[in-house]
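Have a look at the structure below, then the notes.
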Amino acid sequence: MLNGRPVAVTGGGDNTVRIWDLTTGQQIGQPITGHTDSVWAVATTVLDGRPVAVSGSGGSRDNTVRIWDLTTGQQVGQPLTHDDSLRAVTTAVVNGRPIALTGTFNEPIVRVWDLGTGEQRLEPLTGHTESAWSLATAVIDGRPVAVTGSHDGTVRIWDLTTGQQVGQPLTGHTKGMKTLVTAVVRGRPTAVTSGYDATVRIWDLTTGQQLSESPTHDPDGARLATAMVNDLPVVVSAEFDEPVVRVRDLVTGKQIGESFTGQTRTYAVATAVVNGQPVAVTGAEGGTVRVSALTIGKPTGEPMTRHTGQVNAVAATVVDGHPVAVTGSADETVRVWDLSTGEQVIAPVTGHTGPVTAVATTTVHSRPVAVTGSTDHTVRLWDLATGKQLGAPCTAHTNTIRTIAATATDTGTRPVAVSGSDDRTIRVWDLATGAQVGVPRKSDERWIHALATVSLRGQPIAVTGTWNGAIRLRYLTTNRDTGARLAARIGKPVKKLAVTTGAEGPIAITSCTTWEKAKVWDVTTGQPIGELPISYVNALAAATVGGRPIAVIGRYSSVEVWDLTSFQQIGPTMTFPDEVTAVTAGPTGDIIVCFAQDIAVLTNAARVIGPDGTSNGNVTG
């Protein structure tokens with residue numbers, strides 16, 4: 001995505017990198033120049049908050065990898081130089097740092113680069129006996145890994161934290177590897193490989209077992225990409241010698257639907273989603289780029305249960321004795337998920353007329369409820385057992401609701417919600433009556449994006465982030481400032497905030513979503529007590545697990561857990577298939593992660609966050 005538009009980035013034999021609008025089919029801007037030889041490989045990622053392309057060139061004049069700012073078309077930093085012709089580039093995020101993996105035409109090694117510094121992050125990955133330029137990444141048991149295919153016919157898995165090979169090589173191909181891609185199929189990391197033995201093979205990366213084998217029509221192997229079509233995981237293959245694109249079921253490996261004809265000889269294939277429709281993007285001889293809708297017939301059985309738009313917010317509670325997650329999405333719905341089964345508890349909750357941007361949970365008259373905010377400027381209350389709206393919408397806000405928190409005051413007899421909006425107001429709502437509590441606070445700044453609730457000295461309060469990088473405290477019974485003397489200006493505006501309670505009282509963590517480090521606060525004094533060495537936070541939650549106050553932090557496409565007492569990371573960084581948009585901690589210790597339209601659950605954070613700081617939990621979704 002570039003400025004909200006789905007785009008394709010291509011490299012060609014004319015030494016250029018080009019950006020294409022997948023909705024209109026038009027090139028965006030001028031060709032990006034700088035390479036002095038053919039561009040053989042392109043990948044994309046986010047670097048310092050900017051969308052970038054990472055391109056690899058190979059030939060007698062240019063054996064470099066270069067990073068390009070996709071907004072400006074300018075090169076970022078210096079080229080990453082190699083001794084051989086580049087043939088493969090892929091990207092990932094490891095411990096919050098964007099990295100690139102590169103493979104060359106002749107070398108049996110794979111290099112791992114830190115894109116922020118331009119330096120090699122690890123020693124080259126060595127073990128293959130011939131050139132290795134089929135590259136992908138995945139997550140196995142919470143560990144980010146590289147998956148590499150070689151002309152020696154093997155697939156190898158590498159721990160991207162240590163650089164060590166994981167397990168034994170995967171063997172089966174009788175000739176070298178042409179293409180390798182990864183996906184998650186039924187919750188298990190999977191690789192799909194195409195070789196010069198004219199086969200496509202599917203592998204379970206956890207066990208190393210081959211799951212299926214099917215022939216290709218091209219003895220030189222197929223170009224591969226993965227996608228979801230009608231909620232079915234598929235692999236898209238394009239063959240150079242036969243101008244068609246085929247779609248295979250990733251579970252069985254068998255072709256589904258008719259082949260897509262009318263193609264020319266294809267050098268590269270990728271997939272994307274345009275206006276809700278999965279598409280294949282192919283690069284072919286003559287410099288053409290073609291976009292084809294991936295349609296394999298009407299879906300059968302039960303309708304899709306996942307969100308159809310990005311998940312923007314998540315909260316957790318208990319409904320009828322079952323722990324659940326409540327999600328709000330750009331598809332304008334609220335959904336309730338059983339954390340034990342992964343199934344929806346009730347039908348999608350509808351009523352908002354714009355994307356749902358904020359979700360909180362509490363109880364009203366002993367019934368579990370969700371409080372939601374939207375771009376339609378309303379705050380709404382929902383019965384989580386029935387999905388019915390309770391009362392009329394709260395309509396006092398005049399702009400998008402960005403944040404909501406909820407609590408019960410007066411020993412549980414008066415549940416309230418507090419909302420912050422782009423209209424620069426903080427409003428407190430009596431959930432039993434729908435009436436506003438006190439006078440709305442008008443911010444002196446531009447917006448209110450971050451707030452949470454907690455009990456302080458027996459009083460329910462709201463903790464809000466300020467424009468000057470600090471926090472502010474408000475009584476929820478009156479919607480008035482507490483009058484506490486708080487820290488003065490100390491940084492950029494707070495855009496993410498979470499609160500939990502430790503042994504010494506309530507603790508808050510804030511982030512400004514830029515390069516500044518996340519700050520940890522003693523809510524009782526209103527003063528900062530430490531920092532976490534992380535920045536560019538997409539999603540933030542806090543909880544107390546096993547007596548330890550923790551923060552769950554989403555950055556780019558990864559999630560980290562941090563101890564808010566020692567300010568140390570707990571366990572490894574966990575990588576997900578797309579940018580993390582929301583996180584929370586469930587009522588039984590689960591960690592819930594939202595990315596794109598999907599939800600993953602780290603089951604039982606008490607196991608994930610063991611007493612020795614190791615990660616032992618499972619990822620399900």
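The values are calculated or read from the model by the stated rules, or taken from the named source; none is laboratory data. Please read all numbers here as calculations on a predicted model, not as lab measurements. Positions of Cβ are backbone-derived with ideal geometry, glycine not excepted, and every protein chain shown enters the neighbour counts. To get the accessible areas, we keep the full protein, side chains included, count just its heavy atoms, and leave off ligands, DNA and RNA. Shrake-Rupley method; radii C 1.70, N 1.55, O 1.52, S 1.80 Å.
Any idea which of Lys492, Lys519 is assigned to a loop (DSSP other than H, G, I, E, B) and either within 27 Å of the chain's Cα centre (by Cα) or without any contact (Cβ under 8 Å) to a residue 40 or more places away in the chain (or both)?
On the way: Lys519 fails: assigned to a loop (DSSP other than H, G, I, E, B).
Testing whether each residue is assigned to a loop (DSSP other than H, G, I, E, B) and either within 27 Å of the chain's Cα centre (by Cα) or without any contact (Cβ under 8 Å) to a residue 40 or more places away in the chain (or both) leaves just Lys492.
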| request: Consider only pairs whose beta carbons are under 7 Å apart and that are at least six residues apart or on different chains; among these, list those whose first residue lies in segment 446-473 and is open to solvent by 20 Å² or more (accessible area, probe 1.4 Å) and whose second residue is of a type in the set (Phe, Trp, Tyr). | output: Gln459/Tyr475
| Taking Val52, is it under 23 Å from Val537 (Cα atoms), in a strand (DSSP E or B), open to solvent by less than 20 Å² (accessible area, probe 1.4 Å) and not small (Gly, Ala, Ser)? | yes
| message | If Asn399 satisfies all but one of (1) farther than 12 Å from Ile448 by Cα; (2) outside any strand (DSSP E or B), what's the number of the condition it fails? | response | (1)
| query | Which fully enclosed strands (runs of 3 or more DSSP E) of segment 549-621 have 1 or more residues being of a type in the set (A, V, I, L, M) and at pLDDT below 80? | reply | 598-603, 618-620
| field | Tally, over segment 173-203, of residues that are assigned to a loop (DSSP other than H, G, I, E, B), within 24 Å of Ala268 (Cα to Cα), touching a strand residue (DSSP E or B) at 6+ places or on another chain (Cβ under 7 Å) and not aromatic (Phe, Trp, Tyr) | value | 4
| query | Any residue at all in segment 204-214 that is β-branched (Val, Ile, Thr), assigned to a loop (DSSP other than H, G, I, E, B), surrounded by fewer than 18 Cβ atoms within 10 Å (Cβ to Cβ) and touching a residue at least 12 places away in the same chain (Cβ under 8 Å)? | reply | yes
| request: Could you list, in sequence order, all residues of segment 167-176 that are surrounded by 18 or more Cβ atoms within 10 Å (Cβ to Cβ) and either free of Cβ contacts under 8 Å to residues at least 40 places away in the same chain or of a type in the set (S, T, N, Q) (or both)? | output: His173
| Which ones in segment 556-580 are free of Cβ contacts under 8 Å to residues at least 60 places away in the same chain and out of contact with any Phe, Trp or Tyr (no Cβ under 9 Å at 6 or more places or on another chain)? | Val561, Trp562, Asp563, Ser566, Phe567
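Looking at Ser421, is it surrounded by fewer than 18 Cβ atoms within 10 Å (Cβ to Cβ) and either modelled with pLDDT of 95 or more or closer than 23 Å to Thr477 by Cβ (or both)?
no
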| message | Given the options Gly526, Gly547, name the one that is open to solvent by less than 10 Å² (accessible area, probe 1.4 Å) and on the phi > 0 side of the Ramachandran plot. | response | Gly526
| field | Filtered residue count, segment 177-203, keeping only those that are over 28 Å from the mean Cα position of the chain (by Cα), open to solvent by 10 Å² or more (accessible area, probe 1.4 Å) and not aliphatic (A, V, I, L, M) | value | 4
| query | Is there any pair linking a residue in segment 122-149 that is part of a strand (DSSP E or B) to one that is of a type in the set (Ser, Thr, Tyr) and open to solvent by less than 10 Å² (accessible area, probe 1.4 Å), with Cβ under 6 Å and at least six apart or on different chains, and which? | reply | Leu135/Thr148; Gly149/Ser134; Gly149/Thr193
| note | Per the filter on segment 343-369, residues farther than 23 Å from Thr395 by Cβ, in a loop (DSSP other than H, G, I, E, B) and without any contact (Cβ under 8 Å) to a residue 40 or more places away in the chain are Glu343, Val345, Ser366
| query | Ala225 is checked against (1) at pLDDT 80 or above; (2) within 30 Å of Ala498 (Cβ to Cβ); (3) not charged (D, E, K, R) and fails just one. What number does that condition carry? | reply | (2)
| Only one of (1) open to solvent by less than 30 Å² (accessible area, probe 1.4 Å); (2) closer than 24 Å to Gly176 by Cβ is not met by Leu47, so which one is it? | (2)
| note | For Trp337, the lone unmet condition from (1) over 19 Å from Asp231 (Cα atoms); (2) part of a strand (DSSP E or B) is (1)
| request: Give the residues of segment 12-25 that are modelled with pLDDT of 90 or more and either open to solvent by 30 Å² or more (accessible area, probe 1.4 Å) or assigned to a loop (DSSP other than H, G, I, E, B) (or both), sorted by residue number. | output: Asn15, Thr16, Arg18
| request: State all residues of segment 349-361 that are under 13 Å from Leu384 (Cβ atoms) and open to solvent by 20 Å² or more (accessible area, probe 1.4 Å); if no residue qualifies, say none. | output: Thr361
| Restricting attention to segment 34-42, does a residue exist that is within 25 Å of the chain's Cα centre (by Cα) and open to solvent by 20 Å² or more (accessible area, probe 1.4 Å)? | yes
| Considering segment 66-117 alone, what residues qualify as being assigned to a strand (DSSP E or B), touching a Lys or Arg at 6+ places or on another chain (Cβ under 7 Å) and open to solvent by 50 Å² or more (accessible area, probe 1.4 Å)? | Gln75
| message | Can you confirm whether Gly286 is assigned to a loop (DSSP other than H, G, I, E, B), out of contact with any Pro (no Cβ under 6 Å at 6 or more places or on another chain) and either farther than 25 Å from Gly4 by Cα or modelled with pLDDT under 90 (or both)? | response | no
| task | Kindly indicate which of Leu431, Leu384 is within 18 Å of Thr317 (Cβ to Cβ), in contact with a Pro (Cβ under 6 Å, 6 or more places away or on another chain) and open to solvent by less than 10 Å² (accessible area, probe 1.4 Å). | result | Leu384
| task | Would you confirm whether any residue within segment 231-239 is crowded, with 22+ Cβ neighbours inside 10 Å, at pLDDT 85 or above, out of contact with any helix residue (DSSP H, G or I) (no Cβ under 6 Å at 6 or more places or on another chain) and in a loop (DSSP other than H, G, I, E, B)? | result | no
